[in-house]
Amino acid sequence: MENTLTAQKTLVFQTLKARTAATAVAVVAAVALPQLFHALGAVSGLGTALGETFLPMHIPVLLIGLMAGPAAGLAAGVLSPLVSFAISGMPTALMLPFILTELAGYGLAAGLLAKTRMPSFAKLLIAQVAGRALRSIAVLLAVYAFGSPVAVSSIWMSVVTGLPGILLQWALLPLLLFWVEKGVRRHD
């Protein structure tokens, strides 16, 4: 049954046109969701803290990688922060390269794992570690090679601050993948 589910899941985005459309939707979601969280933060007096805590940009990037493969995941991971920066100025220019690196890592790793025979949660966890590792390398490179003002302590602080978002991803993404797989089975 696992092979059938894996094969069916990949049928959702088999064509280039479908993968392109799904990637575009993921980019739109990855740009819109943080704006929603920032608006809620502004109303509640928390500012950007809700976005930094719940990591809403990560969810569509990880999801598209897991559903449409590495090219779609990588494209969404690169385009989402660029489009968001162009539209809203967020993430800030200082943080843009690090967030772009992290999201590209998430999307690519999730996409590379999409067709593997392992539980969705394990795929998600590996993709999260890969994205955070790439961001950490980028921060260390910026600090030690270029004298960037981004502090090395920001690596650990981003994990601690984003822990609720990581937990949200653990709860939400396997459930979304299950619903998609169930929907595909129902339409076959």
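Taking a Cβ cut-off of under 13 Å around residue 91, the surrounding Lys, Arg, Asp and Glu residues balance to a net charge of -1, with basic ones at +1 and acidic ones at -1.
Positive contributions from Lys and Arg (+1) and negative ones from Asp and Glu (-1), summed over other residues with Cβ under 15 Å from the Cβ of residue 25, come out at +2. Long hydrophobic helices in the chain: none of the complete DSSP H runs spans 18 Å or more by Cα along its own axis with mean Kyte-Doolittle hydropathy of at least 1.6. Given R₀ = 30 Å, what would the calculated FRET efficiency be for residue 161 paired with residue 121, taking r from the Cβ atoms and rounding to 0.05? E(calc), rounded to 0.05, equals 0.85. Label positions at residue 24 and residue 182, each projected 7 Å from the Cα along the C-beta direction, are separated by 3.0 nm. The mean of 1/r over all pairs of different alpha-carbon atoms in the chain, once inverted, gives a Kirkwood hydrodynamic radius of 16.8 Å.
With each label modelled as a point 7 angstrom along the Cα→C-beta vector, the residue 35-residue 82 pair spans 1.9 nm. Once both labels are positioned 7 Å from their Cα atoms along Cα-to-Cβ, the gap between residue 143 and residue 48 label points is 1.9 nm.
Values in this text are rule-based calculations from the coordinates and carry no lab data. This is a predicted model, so every value here is computed, not measured. No Cβ is skipped: glycine too gets one built from the backbone with ideal geometry, and neighbour counts run over all protein chains shown.
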